[in-house]
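The next block holds one structure in the form of structure tokens; read it before the comments.
Computed from the coordinates by the stated procedures, all read-outs in this text should not be read as laboratory data. Worth saying up front: this structure is predicted, and the values here are computed from it rather than measured. Every residue, glycine as well, gets a Cβ built from its backbone with ideal geometry; the counts of neighbours run over all protein chains shown.
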Amino acid sequence: MTNTFLGLNRTRRNFMRSSTVGLASAALLSTGKTPLVGQDKPADLTRATVSQLVLLIRQKDVSVLEVVDACLARITAVNPKLNAVVQLAAQQARQQAVAADRALSRGEPLGPLHGVPMTIKDSLDTAGVITTAGTMGRSNFVPKEDATVVKRLMSAGAILLGKTNTPELTCAWETNNSVYGATNNPWNSKYSSGGSSGGAGAIVAARGVPFDIGSDTGGSIRLPASFCGITGIKPTSGRVPRTGHIIGPEGHLQALTTLGPMARSVEDLSLILAVIAGPDWRDASIVPMTLGDPSQVKVSGLRVAMHTDNGAYALNSEVARIVIDAAKALESSGVQIESERPAALDDVIQIDADLYSSDGSASLQRLLDQAGTKDPSPLMRIALHQTPMTSGDMAAAIERWDAWRGRMLQFLEGYDAILCPPCAFSELPHGASSVGDANSAFSYTYAYNMTGWPAAVVRAGTSSTGQPLAVQIVGRPWREDVVLALARQVEEILGGYQSPPI
């Protein structure tokens with residue numbers, strides 16, 4: 001089947017547990033809301049959320065083909081300015097839309113995401129659609145099998161429109177690679193959309209699709225969501241299978257890497273997470289832990305520790321202000337806010353640096369060798385420039401990491417969540433992430449890859465330069481329901497997503 005890459009010809013199968021479909025359906029229905037019921041269909045379908053589209057389609061207020069065509073038209077309009085979508089599967093998507101409309105007219109059982117368009121980060125395998133992971137050696141690589149999360153989403157009825165840009169092997173704070181180039185921020189093209197799920201953040205914000213799936217090893221869901229003004233969640237480590245992701249369930253970095261949804265509403269995160277979570281019996285780290293329902297969380301009475309500066313890297317005043325605004329919003333809802341931060345954050349930069357450099361970048365070099373990449377991108381060459389530790393030094397570094405995680409967990413014993421910034425600044429000029437000590441500015445996110453706890457970001461305001469300002473909400477292990485309930489409260493009070501001027 002023919003796919004298109006920005007107008008150029010390129011050369012795309014079912015697994016799903018019924019329990020996952022049930023969980024996702026419950027996530028949609030348990031909100032108690034029926035968006036758009038009894039209303040005319042919106043003039044612009046690209047403004048609808050996932051939850052709204054699900055209901056519009058089921059009520060036959062709009063056809064799946066109409067929704068898919070609206071998103072494809074929007075991608076065609078905005079992508080030349082963004083460079084966010086790097087493979088477009090338009091013909092395939094329209095055929096699947098027609099089939100989805102027929103299934104609906106015949107009264108067939110529908111998945112919880114029936115007919116909803118999506119894009120997928122280019123680090124996740126998609127059968128029949130080129131998947132480069134941003135590295136030259138895979139520039140024409142066509143997987144034979146979908147990644148587990150892609151299988152689950154398609155079995156739930158979602159329709160793949162294309163793939164979104166990522167830095168090489170997902171290893172950079174901004175999205176740029178030698179295969180496709182840089183992705184721009186939809187609010188200002190002078191700025192990066194962030195990384196590594198920067199293509200996802202940009203196209204969801206620009207209303208090309210209602211959701212995407214990102215990966216997060218140090219902030220790669222949360223930073224692009226923050227910079228682009230959408231919402232996203234890094235679930236608890238062990239929640240979502242990474243089978244079929246370029247950094248898979250094996251090896252040095254697997255403990256830090258998590259997959260999660262990126263969307264324009266917190267409600268949508270809950271719905272999508274219910275579809276992709278749970279063991280696939282291939283990723284050995286995934287735990288069959290119950291996923292809580294955010295709508296059942298009583299926000300009033302929750303104890304939240306709030307901090308601005310993390311003690312490791314100073315942040316700008318506007319970022320600090322928006323965290324305080326979010327704290328006041330939560331306090332007005334009955335949340336108990338205390339100005340405290342984990343003292344262990346003082347050490348996060350060194351702990352992180354030791355862990356990432358311990359193998360001398362051998363794991364990254366193996367991935368490049370497997371891909372057949374001979375000439376890595378400039379950002380990847382920076383990541384490869386590490387001195388390996390001895391086995392004894394590596395063992396000591398892992399012991400320090402374990403002790404640090406214990407100190408962090410001891411702090412969380414007294415709180416249900418932490419409210420803090422996702423980054424030290426609100427915008428990222430192209431090329432700035434590799435200058436000076438900028439890496440330390442992202443310690444606000446990578447701290448929670450090091451703990452493995454769930455963490456979400458949600459827009460809470462606007463900077464003086466017109467860029468989105470977001471806050472990060474971090475929860476106890478396996479308590480995504482608390483994180484999402486608090487994020488939803490911030491979203492409702494402070495406004496959440498706004499459409500960028502593109």
Could you work out how far apart the two model spin labels at ARG366 and ASP437 are, taking each label as a point 7 Å from the Cα in the direction of the beta carbon, and quote it in nm?
-> 3.3
What FRET efficiency do you get for ASP346 and SER105 if R0 is 60 Å and r is their Cβ-Cβ distance, rounded to the nearest 0.05?
-> 0.50
Ordering of 311-320, 463-472 by burial proxy (mean other Cβ atoms within 10 Å per residue, highest first) = 463-472, 311-320
Mind listing the phi-derived Karplus ³J(HN,Hα) values for region 110-116, rounded to whole Hz, using 6.51, -1.76 and 1.60 with θ = phi - 60°, and x for any glycine or proline?
-> 10, x, x, 10, 3, x, 7
Given H placed on each backbone N at 1.01 Å, which residues far from THR258 in sequence or on other chains put an amide H within less than 5 Å of it?
-> ASP216, THR217
Sequence-distant lysines (8 or more away, or on other chains) whose Cα lies within less than 20 Å of LYS60 = LYS33, LYS41
Along Cα→Cβ, 7 Å out, is where each label goes; now give me the distance between the ones at ILE493 and THR390 in nm to one decimal.
-> 5.4
List, in order, the whole-Hz ³J(HN,Hα) value for each residue of region 218-229 obtained from phi through the Karplus relation with A = 6.51, B = -1.76, C = 1.60 and θ = phi - 60°; use x for Gly and Pro.
-> x, x, 6, 8, 6, 5, x, 4, 5, 5, 9, x
Region 349-363 - phi-based ³J(HN,Hα) in whole Hz, Karplus 6.51/-1.76/1.60, Gly and Pro as x = 5, 5, 4, 5, 4, 4, 5, 5, 8, 4, 9, x, 6, 4, 5
Any chance you could list the semi-axes, whole Å, largest first, of the equivalent ellipsoid that the Cα gyration tensor gives for region 353-412, using √(5λ)?
-> 29, 13, 9
The base-10 log of I(q)/I(0) that the Debye equation returns for the chain at q = 0.13 Å⁻¹, one scatterer per C-alpha, is -1.22
The size of the Cβ-based charge dipole (Lys, Arg +1; Asp, Glu -1) of region 3-494 about the Cα centre, to the nearest 20 debye, is 1420
Rh by Kirkwood over Cα pairs, then Stokes-Einstein D for region 300-345 at 1.306 mPa s and 10 °C, µm²/s | 141
Could you pull out every residue, at least 5 positions away or on a different chain, whose amide H is within less than 5 Å of the one on LEU469? Hs are placed 1.01 Å off N in the peptide plane, and Pro or chain starts have none.
-> ALA460, GLY461, THR462, SER463
